Amino acid sequence: MRHEPQTILNFLHNYFDLMQDLFFIQKKEGIIHKEELDIMCNKHGVGLQAKLKEYKVMRPVGTDFEMRDSYYKLFEFLLYEFRPLLPETIDKYKSAVSELFNKIRKGIHHDKDILLERVKNVSYQVREFLDLVEKNALRLLSETRDLKSNIERVDYRDKVHRASFWIEHYILPLNKILDVNQPDSIASKLLEISEYANRRRLDTHNELARIEFEKLYNQLIQTHNDLLRQSRILTTELLPLIERIRTESLLLTGWIEFLRNPYKVDPPQMLKANRGMPYAKDMLYKTREFFEQFQVQDAVVLEDTTVDFDRWIFDREVFKSKLESELPCEDFFAWCMDSLKKDFTEVDTEKFFAVANLLFDEDLMIEYHKKAERTEIETRTSTISVPKLKIIPNGIS
């Protein structure tokens, strides 16, 4: 008989304390013995054992019972009681995702319904993988903080053992799984799949397949960002915290062992008597040397090094206005030279090129002579051969 979902939810709401008790029993012992189930049901109400079986909350395991996986995970989520999983348990998703990915590539042009199901299954596997990674990181972080504050009054030696165990068997292997630079990691495989999905969402003609590849690609982009965040938690927060626990605990453990038997080994000298002077032994000689350097003064010669230099500064606006007033200009470079000679008897090459720079103004247009005529420019130090260019206002033929 199939019951209405609302009926089952009302039952879970009304008997939440019972479900919570059963969850913690199974979490601790791995199973719920028949005697414990009888005690819990009698504690919370008569006839509840039959309801648990009727609503398929519990299932028999021999003479004992266990919560069905869907209900167990629900209360695990609600009570925030995630159990850290070994990284090899999480790494199994690489095999599942890789196998589906290979089948998608081989069957891309075959049955479209099978292709769509495989793409959806990859998406489902990725969601499960990310969920487990987040749960592991959160649980490890929570337990590490508890260990740091030592709520359970754990012995220092036990703290060292736990911290070393988590680093070796959980944190470092999990960080390797999340490292996209590791070619054998699942993060690297997901990056490869996202690149493939990106190509297929653009060149697949089947509309349904294109939509599924689009969904998978967007999901993998978000998954990549989430994995980076989890990896950052492991490397920048969790690993240093556990390393601190291990280091502090080792120091304290060693100190306690020493206090228990201080005569077992000869301790190093913690305080060594030394006699020091507030000034250096050769202070007299250094002082004398310092003052002697001022007794002999070298002759100082001052020379007037004033050099005349050309203070000419190129005024672009003046030359541009002058050029625009004389447009069209038949020979631009000759005009530059003539303009400078009005102020200078001899023209420097630098001044000539400064004025010639007006050639690149956007308001001017260049026309080349058909005969490719050239003009010789004589500056103070150079003779420059330049093409004969006609300059007209830009936009006017």
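The values are calculated or read from the model by the stated rules, or taken from the named source; none is laboratory data. Because the structure is a prediction, the values reported are computed rather than measured. Note: ideal-geometry Cβ built from the backbone for every residue, glycine included; neighbour counts use all protein chains shown.
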Note to self: Cβ contacts < 6 Å: first residue more than 9 Å from PHE75 (Cβ to Cβ), restricted to the stretch 18-38; second residue in a loop (DSSP other than H, G, I, E, B) and of a type outside the set (A, V, I, L, M), any location; separation 6+ or different chain. Result?
What the structure shows: LYS34/THR63
Check: What number goes with the only condition from (1) within 27 Å of LYS135 (Cβ to Cβ); (2) outside any loop (DSSP other than H, G, I, E, B) that LYS56 does not pass?
Finding: (2)
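Residues that are assigned to a helix (DSSP H, G or I), aromatic (Phe, Trp, Tyr), surrounded by 12 or more Cβ atoms within 10 Å (Cβ to Cβ) and modelled with pLDDT under 85: does the stretch 101-121 have at least one?
No - not one qualifying residue is present in the stretch 101-121.
Just checking: which of the helices (runs of 4 or more DSSP H) contained wholly in the stretch 140-247 hold 1 or more residues that are over 18 Å from the mean Cα position of the chain (by Cα) and either modelled with pLDDT of 80 or more or not assigned by TED's automatic domain parsing to the domain that holds ASN102 (or both)? Please lay out each step first, then the result.
Numbers: elements: 156-166, 172-178, 186-203, 207-233.
Here the list reads 186-203, 207-233.
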Margin query: Given the condition surrounded by 15 or more Cβ atoms within 10 Å (Cβ to Cβ) and more than 44 Å from the chain's Cα centre (by Cα), answer yes or no: does some residue in the stretch 77-86 qualify?
Written below: no
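Being outside the structural domain of LYS135 (by TED's automatic domain parsing), surrounded by 13 or more Cβ atoms within 10 Å (Cβ to Cβ) and in a helix (DSSP H, G or I) is the requirement here; does GLU36 meet it? Write out each step before concluding.
On the way: outside the structural domain of LYS135 (by TED's automatic domain parsing): yes; surrounded by 13 or more Cβ atoms within 10 Å (Cβ to Cβ): yes; in a helix (DSSP H, G or I): yes.
Considered against the rule, which asks whether it is outside the structural domain of LYS135 (by TED's automatic domain parsing), surrounded by 13 or more Cβ atoms within 10 Å (Cβ to Cβ) and in a helix (DSSP H, G or I), GLU36 comes out as yes.
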Item checked: Looking only at the stretch 380-397, and only at residues there that are assigned to a loop (DSSP other than H, G, I, E, B) and not aliphatic (A, V, I, L, M), the one that is nearest to ASP331 (Cα to Cα) -> LYS388
Check: Taking the stretch 316-345 on its own, how many of its residues are loosely packed, with under 15 Cβ neighbours inside 10 Å and aromatic (Phe, Trp, Tyr)?
Finding: 1
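How about the stretch 332-379: which of its residues are part of a loop (DSSP other than H, G, I, E, B) and hydroxyl-bearing (Ser, Thr, Tyr)? Lay out the reasoning, then the answer.
Step one: filter the stretch 332-379 for residues part of a loop (DSSP other than H, G, I, E, B), giving 342-348, 361-363, 369-373, 379.
The answer is THR345, THR379.
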Next item on the list: Take the residues in the stretch 310-331 that are closer than 27 Å to GLU373 by Cβ and not in a loop (DSSP other than H, G, I, E, B), then tell me which one is nearest to the chain's Cα centre (by Cα).
Entry: LYS320
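Being of a type in the set (Lys, Arg) and under 30 Å from ILE171 (Cβ atoms), is that true of even one residue in the stretch 36-50?
Just the residues of the stretch 36-50 that are of a type in the set (Lys, Arg), to begin with: 43.
Narrowing the set further to residues that are under 30 Å from ILE171 (Cβ atoms) leaves none.
No, the stretch 36-50 contains no residue that is of a type in the set (Lys, Arg) and under 30 Å from ILE171 (Cβ atoms).
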Margin query: I need the full set of residues from the stretch 362-386 which are surrounded by 14 or more Cβ atoms within 10 Å (Cβ to Cβ) and in contact with a helix residue (DSSP H, G or I) (Cβ under 8 Å, 6 or more places away or on another chain), in order please.
Written below: LEU364, THR375, ILE377, THR379, ILE384, VAL386
